[in-house]
Amino acid sequence: MIVKSAEFVTSAVKPPHYPPADLPEIAFAGRSNVGKSSLINKLVNRRRLVKTSSTPGRTQLINFFLINQAFRFVDLPGYGYARVPEGVRRQWGTMIETYLTQRPCLKGLILIVDIRRTPGTEEDDLLRWLDHHGIECRIVATKADKLSRNKRVRPIRQIAARVGLAEEALVLFSAKSGLGLAPVWQHIEDMLGAAS
Ligand code: GTP
Ligand code: MG
């Protein structure tokens with residue numbers, strides 16, 4: 001995919017504030033601080049289209065980005081950040097769930113995991129929930145640059161087993177080196193194409 005344009009559209013909490021559902025959308029989800037916003041920036045080759053931060057919980061709203069005037073990327077707030085109060089956490093859950101279930105133009109979701117952390121019950125629950133709602137999902141393991149090639153073997157095996165993928169089907173990504181850009185775009189194009 002050649003990205004000719006990428007622009008911020010709006011931030012929203014509730015459906016009335018979403019942009020009109022007139023373009024296909026790909027959503028990005030994952031734990032807080034996993035690297036969702038960095039992955040989007042790398043995909044569109046803009047250093048600061050999406051705000052990133054070393055402080056977890058930076059993205060607290062649903063952010064919409066228009067790509068090539070043709071489709072949108074949707075940066076979802078990270079889940080599983082322990083230091084937010086329970087009430088706030090529940091609100092975040094509702095916000096994400098509402099978007100995922102009430103967005104007719106949603107074509108699929110990229111679930112981002114950290115290569116150094118085996119997915120846990122939160123990811124299990126999310127995957128089962130997505131499957132139940134018939135939402136297409138592809139999994140990407142990011143921050144691959146944090147491990148040497150040798151050190152990646154075991155985590156790849158563990159992550160793939162946990163999410164029910166063949167090892168070679170798990171996409172490794174690095175926002176630092178650009179590793180995995182083509183396969184992530186391939187997943188996005190598949191989801192955009194399959195659903196149109
Ligand atoms: P929230 O919006 O808070 O949920 O975080 P996020 O998932 O959007 O993460 P973000 O992209 O803001 O990145 C979090 C931190 O991880 C930042 O300090 C990034 O620089 C760093 N980071 C993200 N991706 C990578 C990567 O591929 N490699 C390395 N080495 N660091 C990364
Ligand atoms: Mg973010």
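Laboratory data are not the source of any read-out in this text; all were calculated from the coordinates shown. Keep in mind that what you see is a predicted model, and the values were worked out from it rather than measured. Cβ placement follows ideal geometry from the backbone for every residue including glycine, while neighbour counts extend to all protein chains displayed.
A few remarks follow.
- Under-26-angstrom lysine pairs by C-alpha in region 1-156, whenever the two are 8 or more apart or on separate chains: 23
- Rounded if a/c under 1.5, otherwise prolate or oblate - region 129-196, Cα gyration tensor axes: oblate
- Listed residues 193, 39, 94: farthest to the positive end of the dipole of the chain (Cβ charges): 39
- Cα gyration tensor shape of region 83-166, rounded if a/c is under 1.5, else prolate or oblate by comparing a/b with b/c: prolate
- Ranked by how many other Cβ atoms sit within 10 Å of their own Cβ, fewest first, the residues 173, 73 fall in the order 73, 173.
- Residue order, fewest to most beta carbons within 10 Å, for 191, 1: 1, 191
- Going from the residue with the fewest nearby Cβ atoms within 10 Å to the one with the most, 136, 167, 86, 25 rank 86, 167, 136, 25.
- Each Lys or Arg adds one and each Asp or Glu takes one away; over the other residues whose Cβ falls under 10 Å from the Cβ of residue 177, this sums to +1.
- Cα gyration tensor shape for region 13-76, rounded if a/c is under 1.5, else prolate or oblate: oblate
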